[in-house]
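A.B. asks: Next up is a structure, given as C-alpha cells.
The values are calculated or read from the model by the stated rules, or taken from the named source; none is laboratory data. No experiment lies behind these values; they were computed from the predicted model shown. Because the Cβ atoms are built from the backbone with ideal geometry, glycine has one as well, and the counts that use them run over all protein chains shown.
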Amino acid sequence: MRSAFLLFRLSLKRVRMLLCVTGLLLAGFQTLRVHIAASHSANDYDQIAALLPPSVRTILGPSVTSVLSFNGIVCGGYFDLGIVIALVVLTITLATLPAVEIETGFADLILARPLRRHWLITRTIALVLFAILLMLFMIMAGTWAGMAMFAPPDASGPPARQTASLALDLGMLLLCWGGVAMAFGAACRPGVARPAASLIAFSALLLDYAQKLWPALECVGWLSPFRYFTPFELVMGDPLPVENLLVLGAITLTGFTLAYFIISHRDISR
Amino acid sequence: MPKVCWGFRGSIARWRDSQALALSNQYVLQNQEAIPYEIGRPPPSVDRASPPAISIRGLTKRYGTLTALKDLNLDIAQGESFGFLGLNGAGKTTAIRLLLDLLRPSSGKAFIFGYDCWSEGLEARARIGYLPGELGLYLDLTGLETLDFLAGLNRQPVDKRHRQELCDRLELSQRDLRRRLRQYSTGMKRKLGIIQAFQANPPLLILDEPTEGLDPLMQESFYTLLADVKRSGATIFMSSHVLTEVERVCDRIALLRKGEMVLLTTVRESRRLAPRRVRVLFSEDVSAHPELPPGHQLTEKTPRLWRLAIAGPLGPLLALLEGLPVQDMEIEEARLEDVVLRYYREGAV
C-alpha cells in the first residue's frame, strides 16, 4: 500500500504543472463567463437567441432560452464544447500513463520490485479521479469568485443542486473516457493509445451532434457516450437521469476492468 | 489426495519437486562435450540446505512462431556469480525479464530462492536488485528523487550510508544527485541505475549489460564493487557480451544462441575447453610433417615456425618436439572468447 501511495505521489508530482495550469485556466475562464453573463441584460439574450443559426437551435432544443440566460451562461463552464474537449484530452492523457511507463521502461524499474501490476492501473484511476475532481472544483471556485466579484445584486447564480448535477454529469463523462483510454493504455503503446482514444472520443462527439441534426442517425447515436451527457436538460431544471449515469458508469467500469485484465496478462515490454 | 502446501513451505516443496525433475532430466545441449559442470553443485561456501538463488525449469518463451527462449534449465546457487552470454537477440534479456515476471512464459517454471517467480512474485522480487539493459528514467526527476522513489518501493528501508558509499565509489556527487536526469550523461544514468539496483543490499542482483556506457575507470570501480558484494554473500546473475568482463567477474557461464543454451560451464573449465595457442620457434629449418596427436591442430607451418591450436594437455606436443631444434616456445592462455566464438561459429555452420 505504501508503494502504491508513493507511485501515486510521484505521478501527481509529475503532472502537477499540467493540472495547476489547466485548473487555473478553467477557473479564470469561469470567472470571465460570470463577468460576461453579468454584463448582458435579459433583452440581450433574446437578441442573441434570435441570431442563432437553425442548426444550433436544433442542437440546443427547448433549452435554448435556459442556456441563453444569466444562469445558463454561468453554467456553460460545465458543458462548453471547448472545455469538454480540453478535459477529455486531459483525461485521456492521464489515463494512458501506464502505456507511457511501459514505453519508457520506467515500468521495468517499478515492477521489478515487490509491487503488483494492478497498482499501475489503480494508481491511474486514482490520478484520473483526482484530476477530474480538481477540475470540477476549479470550475466551481471560478463560478464562486465570479459571482462574488461581478454578479448583479439581484442574480442568485445556479442553485447548488443544479451545479452538483452538472458537475456529476461532466465528471461521469470524463471518467467514461478515462476508462476507454485506460483500456487502450493498458494494451497499446502511448503513440497508439492516445490517438486511438482521442479519435474515438472525437468520432463519438461528432456522432452525437450529427444524430441531433439528422434523426436518421439516431439508430447508431446510442453508441456515443456523449448522448448520455445531457447538460442542456439540467440547465432547464430537469433532474439528472440516473439511467444516463448508469450507462456512463458501465462504460467506465468496463474500461477499468479491461485495463486490469490486460495489464495482468500482457508482457511488459516496449 | 494430493498434499497441499502453502507459503514458504509450499515453495520449498515445489523447489524439491523441481530438483527431482532436474535430476531426472539430462540437459541436452548442442556440443555435448561442453557440460563439465556438475549441475546444481553449489560453490563450497554456500549453504546446501537452502534453495538455489535461481532455479529455472524448461523455461520457454514464444512470440507467435518465433521462439525467443527454448527450454532453459538452470540452477544458480546462492553466493554464485553467473554470466549469461550471447549475441544480441540470443535470449538473455528475455530470460531475465521472465524471472522478473515482466514477461509471461509460454511454458516452464522459475524460482528465486525457492519462490515461484509468478505465483509468489512479490516474495521473489523482494530479494532482487535489478539493473535493466536500457534504463527507463523520468528525465524531469532529479537523481535523488529517482533513488528515493525506487528505494521506497523496496520492502526494507535503504541504508542512506550504504547509498552514499555507492555514490562515492561510482563518483556520483550530491550535486549530481540534485540535478535533473535530463542533464545526466549516459554514463551518469548508468551509475544511477547501478546505485538503484544495489542500494537495498539485495541478496540477488540481476544485471543486464551492467557496464554498457561506463568509462573504463568506472568499469574498474564497478568490478571492485561487484567483488565486494560477492564477498558479502550476494548472488550475481549478469548478462553481458563483454567476455573479459564475464571472465573476470563470474564463476560460471551459460552461453545462449538463438534462444537455446548451448554451453553451461565454469569459467575455469571453459578455458580448458578452449584450444590453447602454442607458437614453436626452431633454431634450424624443420621440414618434417608432424603427426599430430588428437586435439592438436597446426594452424601455420613454416620451416622455422609452427603455430598450433591445442585442446587438452600439452604433454603429447612436448613428446612430439623431442629431438627437434626448438629455440623458443610460447603458450597463450586459453580465452573465454575462443570458446564462445567456437560455439557461435559451429552454430553458424
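A.B. asks: Could you tell me whether any residue of the stretch A:121-142 is over 14 Å from the mean Cα position of the chain (by Cα), at pLDDT 95 or above and within 14 Å of chain B (Cβ to nearest Cβ)?
C.D. replies: Within the stretch A:121-142, one or more residues are over 14 Å from the mean Cα position of the chain (by Cα), at pLDDT 95 or above and within 14 Å of chain B (Cβ to nearest Cβ).
A.B. asks: Can you spot a residue in the stretch B:161-180 that is within 12 Å of chain A (Cβ to nearest Cβ) and either within 26 Å of the chain's Cα centre (by Cα) or among the polar types (S, T, N, Q) (or both)?
C.D. replies: No, the stretch B:161-180 has no match at all.
A.B. asks: Is it the case that the stretch B:79-97 has a residue that's in contact with a Pro (Cβ under 8 Å, 6 or more places away or on another chain), of a type outside the set (S, T, Y), more than 21 Å from B:D251 (Cα to Cα) and part of a helix (DSSP H, G or I)?
C.D. replies: Residues of the stretch B:79-97 in contact with a Pro (Cβ under 8 Å, 6 or more places away or on another chain): B:79-80.
Filter once more, keeping what is of a type outside the set (S, T, Y): B:79-80.
Remaining after also requiring more than 21 Å from B:D251 (Cα to Cα): none.
Looking through the stretch B:79-97, none of the residues is in contact with a Pro (Cβ under 8 Å, 6 or more places away or on another chain), of a type outside the set (S, T, Y), more than 21 Å from B:D251 (Cα to Cα) and part of a helix (DSSP H, G or I).
A.B. asks: Separate question: Restricting to the stretch A:1-37, what's the tally of residues that are assigned to a helix (DSSP H, G or I) and farther than 14 Å from A:G77 by Cβ? Don't jump to the end; show me each part of the working.
C.D. replies: Step one: of the stretch A:1-37, the residues assigned to a helix (DSSP H, G or I) are A:2-37.
From what is left, the residues that are farther than 14 Å from A:G77 by Cβ are A:2-21.
Qualifying residue count for the region: 20.
A.B. asks: Further question: For the stretch B:126-142, name all the residues that are within 7 Å of chain A (Cβ to nearest Cβ) and either under 19 Å from the mean Cα position of the chain (by Cα) or among the β-branched types (V, I, T) (or both).
C.D. replies: B:I128, B:Y130, B:P132, B:E134
A.B. asks: Turning to a different aspect of this structure: Against the definition (small (G, A, S), modelled with pLDDT of 85 or more and in a strand (DSSP E or B)), how does B:A309 come out, yes or no?
C.D. replies: Details: small (G, A, S): yes; modelled with pLDDT of 85 or more: yes; in a strand (DSSP E or B): yes.
Considered against the rule, which asks whether it is small (G, A, S), modelled with pLDDT of 85 or more and in a strand (DSSP E or B), B:A309 comes out as yes.
A.B. asks: Go over the candidates A:R116, A:R57 one by one and state the one that is outside any loop (DSSP other than H, G, I, E, B), free of Cβ contacts under 8 Å to residues at least 12 places away in the same chain and charged (D, E, K, R). Walk me through how you get there before you give the answer.
C.D. replies: Values: A:R116 fails: outside any loop (DSSP other than H, G, I, E, B).
Of the residues listed, the single one that is outside any loop (DSSP other than H, G, I, E, B), free of Cβ contacts under 8 Å to residues at least 12 places away in the same chain and charged (D, E, K, R) is A:R57.
A.B. asks: Let me ask another. For the stretch A:147-166, which positions are in a helix (DSSP H, G or I), within 18 Å of A:G28 (Cβ to Cβ) and aliphatic (A, V, I, L, M)?
C.D. replies: A:M147, A:A148, A:M149
A.B. asks: If you don't mind, there's one more thing I want to ask. Is it the case that B:L122 is within 10 Å of chain A (Cβ to nearest Cβ), more than 26 Å from B:L214 (Cα to Cα) and not in a loop (DSSP other than H, G, I, E, B)? Break it down stepwise before answering.
C.D. replies: Numbers: within 10 Å of chain A (Cβ to nearest Cβ): yes; more than 26 Å from B:L214 (Cα to Cα): yes; not in a loop (DSSP other than H, G, I, E, B): yes.
In short, yes.
A.B. asks: Could you please find all residues in the stretch B:296-323 being surrounded by fewer than 11 Cβ atoms within 10 Å (Cβ to Cβ) and either within 18 Å of B:D338 (Cα to Cα) or hydrophobic (A, V, I, L, M, F, W, C) (or both)?
C.D. replies: Those that are surrounded by fewer than 11 Cβ atoms within 10 Å (Cβ to Cβ) and either within 18 Å of B:D338 (Cα to Cα) or hydrophobic (A, V, I, L, M, F, W, C) (or both): B:E300, B:A319.
A.B. asks: Can you tell me which of A:L19, A:L60, A:L87 is within 20 Å of A:T230 (Cβ to Cβ), at pLDDT 95 or above and of a type outside the set (V, I, T)? Reasoning before the result, please.
C.D. replies: On the way: A:L19 fails: within 20 Å of A:T230 (Cβ to Cβ); A:L60 fails: at pLDDT 95 or above.
Exactly one residue qualifies, and that residue is A:L87.
A.B. asks: So for the stretch A:209-217 (the condition being without any contact (Cβ under 8 Å) to a residue 60 or more places away in the chain, surrounded by fewer than 17 Cβ atoms within 10 Å (Cβ to Cβ) and within 14 Å of chain B (Cβ to nearest Cβ)), does at least one residue qualify?
C.D. replies: No, there is no match, as no residue in the stretch A:209-217 is without any contact (Cβ under 8 Å) to a residue 60 or more places away in the chain, surrounded by fewer than 17 Cβ atoms within 10 Å (Cβ to Cβ) and within 14 Å of chain B (Cβ to nearest Cβ).
A.B. asks: Residues in the stretch A:11-31: is at least one over 30 Å from A:T122 (Cβ atoms) and free of Cβ contacts under 8 Å to residues at least 60 places away in the same chain? Don't jump to the end; show me each part of the working.
C.D. replies: First pass over the stretch A:11-31, keeping only residues over 30 Å from A:T122 (Cβ atoms): A:28-31.
Checking which are free of Cβ contacts under 8 Å to residues at least 60 places away in the same chain leaves us with none.
Within the stretch A:11-31, not a single residue is over 30 Å from A:T122 (Cβ atoms) and free of Cβ contacts under 8 Å to residues at least 60 places away in the same chain.
A.B. asks: Further, regarding this structure: Please go through the stretch A:13-43 and pick out each residue that is more than 12 Å from chain B (Cβ to nearest Cβ) and among the aliphatic types (A, V, I, L, M). Let's see the steps before the verdict.
C.D. replies: Within the stretch A:13-43, the first condition is being more than 12 Å from chain B (Cβ to nearest Cβ), and the residues that meet it are A:19-43.
Answer for the stretch A:13-43, where residues must be more than 12 Å from chain B (Cβ to nearest Cβ) and among the aliphatic types (A, V, I, L, M): A:L19, A:V21, A:L24, A:L25, A:L26, A:A27, A:L32, A:V34, A:I36, A:A37, A:A38, A:A42.
A.B. asks: For the stretch B:287-295, indicate whether the set of residues that are crowded, with 18+ Cβ neighbours inside 10 Å and of a type outside the set (D, E) is non-empty. Spell out the reasoning first.
C.D. replies: So in the stretch B:287-295, the residues crowded, with 18+ Cβ neighbours inside 10 Å come out as none.
Looking for residues that are crowded, with 18+ Cβ neighbours inside 10 Å and of a type outside the set (D, E), one finds none in the stretch B:287-295, hence no.
A.B. asks: For the stretch B:132-150, which positions are of a type in the set (G, A, S) and in a loop (DSSP other than H, G, I, E, B)?
C.D. replies: Keep residues of the stretch B:132-150 that are of a type in the set (G, A, S), which gives B:133, B:136, B:143.
Once the filter is applied, which keeps residues that are of a type in the set (G, A, S) and in a loop (DSSP other than H, G, I, E, B), the stretch B:132-150 yields B:G133, B:G136.
A.B. asks: Just to verify a result, which residue in the stretch B:294-306, among those that are at pLDDT 85 or above and in contact with a strand residue (DSSP E or B) (Cβ under 7 Å, 6 or more places away or on another chain), is nearest to B:E269 (Cα to Cα)?
C.D. replies: Within the stretch B:294-306, the match that is nearest to B:E269 (Cα to Cα) is B:H296.
A.B. asks: Can I ask one more? Considering the stretch B:149-160 alone, what residues qualify as being more than 9 Å from every other protein chain (Cβ to nearest Cβ) and surrounded by fewer than 17 Cβ atoms within 10 Å (Cβ to Cβ)?
C.D. replies: Taking the stretch B:149-160 first, the residues more than 9 Å from every other protein chain (Cβ to nearest Cβ) are B:151, B:156-160.
Result: B:Q156, B:P157, B:D159, B:K160.
A.B. asks: For the subset of the stretch A:241-270 comprising residues that are assigned to a helix (DSSP H, G or I) and polar (S, T, N, Q), which member is nearest to the other protein chains (Cβ to nearest Cβ)? Spell out how you get there, then give the answer.
C.D. replies: Within the stretch A:241-270, the first condition is being assigned to a helix (DSSP H, G or I), and the residues that meet it are A:242-265.
Of the ones still in play, those that are also polar (S, T, N, Q) are A:244, A:252, A:254, A:257, A:264.
Working: A:N244: 39, A:T252: 27, A:T254: 24, A:T257: 19, A:S264: 10 Å.
Restricting to residues being assigned to a helix (DSSP H, G or I) and polar (S, T, N, Q), the top hit is A:S264.
A.B. asks: Follow-up question, since we're still on this one. Of all residues in the stretch B:312-337, which are at pLDDT 85 or above and assigned to a strand (DSSP E or B)?
C.D. replies: B:V326, B:Q327, B:D328, B:M329, B:E330, B:I331
A.B. asks: Further, regarding this structure: What are the residues in the stretch A:218-240 that are in a helix (DSSP H, G or I) and either surrounded by 13 or more Cβ atoms within 10 Å (Cβ to Cβ) or small (G, A, S) (or both), if any? Step through it out loud before you land on a result.
C.D. replies: Filtering the stretch A:218-240 down to residues in a helix (DSSP H, G or I) leaves A:218-221, A:225-228, A:231-235.
Within the stretch A:218-240, A:G221, A:P225, A:F226, A:R227, A:Y228, A:P231, A:F232, A:E233, A:L234, A:V235 qualify.
A.B. asks: Here's something else I'd like to know. Out of B:V262, B:V278, report the one residue that is over 30 Å from B:A68 (Cβ atoms) and surrounded by 19 or more Cβ atoms within 10 Å (Cβ to Cβ).
C.D. replies: On the way: B:V262 fails: over 30 Å from B:A68 (Cβ atoms).
Within the list B:V262, B:V278, the selection yields B:V278.
A.B. asks: Right, something else. Tell me, which strands (runs of 3 or more DSSP E) wholly within the stretch B:181-283 include 3 or more residues that are away from every other protein chain (no Cβ under 14 Å), without any contact (Cβ under 8 Å) to a residue 60 or more places away in the chain and farther than 23 Å from B:L150 by Cβ? Spell out the reasoning first.
C.D. replies: Values: elements: B:204-208, B:235-240, B:252-257, B:260-266, B:276-282.
Per the criteria, B:276-282.
A.B. asks: Of the residues A:T104, A:T96, which is among the hydroxyl-bearing types (S, T, Y) and away from every other protein chain (no Cβ under 14 Å)? Please lay out each step first, then the result.
C.D. replies: On the way: A:T104 fails: away from every other protein chain (no Cβ under 14 Å).
Of A:T104, A:T96, the one residue that is among the hydroxyl-bearing types (S, T, Y) and away from every other protein chain (no Cβ under 14 Å) is A:T96.
A.B. asks: Quick one: how many residues across the stretch B:94-119 are more than 17 Å from the chain's Cα centre (by Cα) and within 8 Å of another protein chain (Cβ to nearest Cβ)?
C.D. replies: Count: 4.
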